[in-house]
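The values are calculated or read from the model by the stated rules, or taken from the named source; none is laboratory data. Since we're looking at a predicted model, the values are computed, not measured. With ideal geometry, Cβ positions are generated from the backbone for all residues, glycine too; neighbour counts draw on all protein chains shown. In case anyone asks, the SASA skips ligands and DNA or RNA and just uses the protein heavy atoms, side chains included. Shrake-Rupley method; radii C 1.70, N 1.55, O 1.52, S 1.80 Å.
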Amino acid sequence: MKTTRVWGGRTLVYVDDLPLFGHIAFGVLDRGTNVLQVRATTLCPYNCVYCSVDAGPYSRRRLSEFVVDADWLLDWARLAYRLKNGEVVEALLDGVGEPPTHPEIARVVEELKGFVPRVAMETRGFTLTRQLVDRLWDAGLDRLNVSVDTLDPVKARWLTGVPWYRVEKVVEVVEYTVRETGVDVMLAPVWIPGVNDEDIVGVIEWGLRIGVGKRFPGFGVQKYEAHKYGRKVPGAREPSWREFYDYIHALEERFGVVLDYRKIDMGFRRAPRIPLIYRRGEVVDLHVRLPGWLRGEAIAVDPEERVVVTLVGVEDYTPRKVRARVVENQDGIYIAKPLD
Ligand code: SF4
């Protein structure tokens, strides 16, 4: 593990020896389905106004960022695959950062394809180039989920929160991907009522025109959610689920496409989980290793180095032993509170 500094003094951790199970922000996540979430980096160059994970250079809550060594990540992804008895249909490169910025993302895709039938990746698109798309296609990438909330250049810059964002470049690279490669594109705009209602119509019209969704559904409209610790769109309100479904069902009727996730069959099913290591309430002796992802957290490791545990309510990040009680273990993401 090596550390340096990034963006206003945050610790940037190059992860090549921490366990890659147990943390929500980096490594491999299993939510009890046949999809493995593979999180290679927490770094994100954007500053989206609605970011639920408070990412980017101007983040207020982040204390550390993580970039995972490609070989180390692949070792843990293979282990997850084995622990799930091979019942994995897709590896999804997603996370609390922008996956294409990982320096070895194409090799990660290529090696994942060696044992997982499908590999998909989420992106906001601006970090893609034609060359990178070609490399990802050669590596076997099946699908890009691209978040484009509007085609209006000014609104797009405002929504992504960075002055250099040009949606025209995203349009160009997405059209190249659809036209010149076999990587499928799913457009995944976030609907913010009163902010981009008509823009989503434009995104759907554009997607239909260029032919997204050759093998998979072409659209996956997402609901804007104002998370407690995320960023909120000034002046906008979070829609209820009822409003959201009314909105997308009206679009479905208008365009004759399926937008409701519940009707889309991508082959996702329940599947054996990676066994949990610690129960809620269990007391564990942990080794504090470094400052956590968010303020008030530390990264700790269990004695056998099987999982990372997020220690909450701490301000002291110096390496030491701490006795702690596990307060959360959902989906194998471990959170603990120190006892002393
Ligand atoms: S919403 Fe996604 S792309 Fe935007 S800042 Fe957050 S992590 Fe980055």
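The table that follows gives values for the structure above.
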| read-out | value |
| --- | --- |
| Residue list for the range 152-173, filter: of a type in the set (A, V, I, L, M) and away from the ligand (no atom under 15 Å from the Cβ) | Val154, Val171, Val173 |
| The range 15-50, residues that are more than 18 Å from the chain's Cα centre (by Cα) and open to solvent by 10 Å² or more (accessible area, probe 1.4 Å) | Asp16, Asp17 |
| Residue in the range 75-92 that is under 26 Å from Val173 (Cβ atoms), within 11 Å of the chain's Cα centre (by Cα) and away from the ligand (no atom under 13 Å from the Cβ) present | yes |
| Check on Pro193, within 23 Å of Asn47 (Cα to Cα) and more than 16 Å from the ligand (Cβ to nearest atom) | yes |
| Residue list for the range 126-145, filter: over 11 Å from Thr177 (Cα atoms) and within 16 Å of the ligand (Cβ to nearest atom) | Phe126, Thr127, Asn145 |
| Residue within the range 73-81 that is open to solvent by less than 20 Å² (accessible area, probe 1.4 Å), in contact with a Leu (Cβ under 8 Å, 6 or more places away or on another chain) and of a type outside the set (A, V, I, L, M, F, W, C) present | no |
| Positions within the range 228-253 being charged (D, E, K, R), open to solvent by 90 Å² or more (accessible area, probe 1.4 Å) and touching a residue at least 40 places away in the same chain (Cβ under 8 Å), in sequence order | Lys232, Arg237 |
| Some residue of the range 192-205 being assigned to a helix (DSSP H, G or I) and in contact with a Phe, Trp or Tyr (Cβ under 6 Å, 6 or more places away or on another chain) | yes |
| Close pairs from the range 133-162: first more than 20 Å from Gly218 (Cβ to Cβ), partner assigned to a strand (DSSP E or B) and within 16 Å of the ligand (Cβ to nearest atom), Cβ under 9 Å, at least 6 apart | Leu159/Val190 |
| Candidate set from the range 304-338 (those that are in contact with a strand residue (DSSP E or B) (Cβ under 6 Å, 6 or more places away or on another chain) and part of a loop (DSSP other than H, G, I, E, B)); member that is most open to solvent (accessible area, probe 1.4 Å) | Pro319 |
| Residue count, the range 51-63 (criterion: surrounded by fewer than 23 Cβ atoms within 10 Å (Cβ to Cβ) and either within 11 Å of Asp94 (Cα to Cα) or within 9 Å of the ligand (Cβ to nearest atom) (or both)) | 6 |
| Flag for Thr101 being open to solvent by 20 Å² or more (accessible area, probe 1.4 Å), more than 13 Å from the ligand (Cβ to nearest atom) and in contact (Cβ under 8 Å) with a residue 24 or more places away in the chain | no |
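So that you can scan it fast, the table gives a plain yes or no per residue for (1) within 16 Å of the ligand (Cβ to nearest atom); (2) under 26 Å from Ala91 (Cα atoms); (3) assigned by TED's automatic domain parsing to the domain that holds Thr123; (4) modelled with pLDDT of 95 or more:
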site: Trp7; (1), (2), (3), (4): yes, no, yes, no
site: Val15; (1), (2), (3), (4): no, yes, yes, yes
site: Phe21; (1), (2), (3), (4): no, yes, yes, yes
site: Ile24; (1), (2), (3), (4): yes, yes, yes, yes
site: Leu29; (1), (2), (3), (4): yes, yes, yes, yes
site: Val38; (1), (2), (3), (4): yes, yes, yes, yes
site: Thr41; (1), (2), (3), (4): yes, yes, yes, yes
site: Glu65; (1), (2), (3), (4): yes, yes, yes, yes
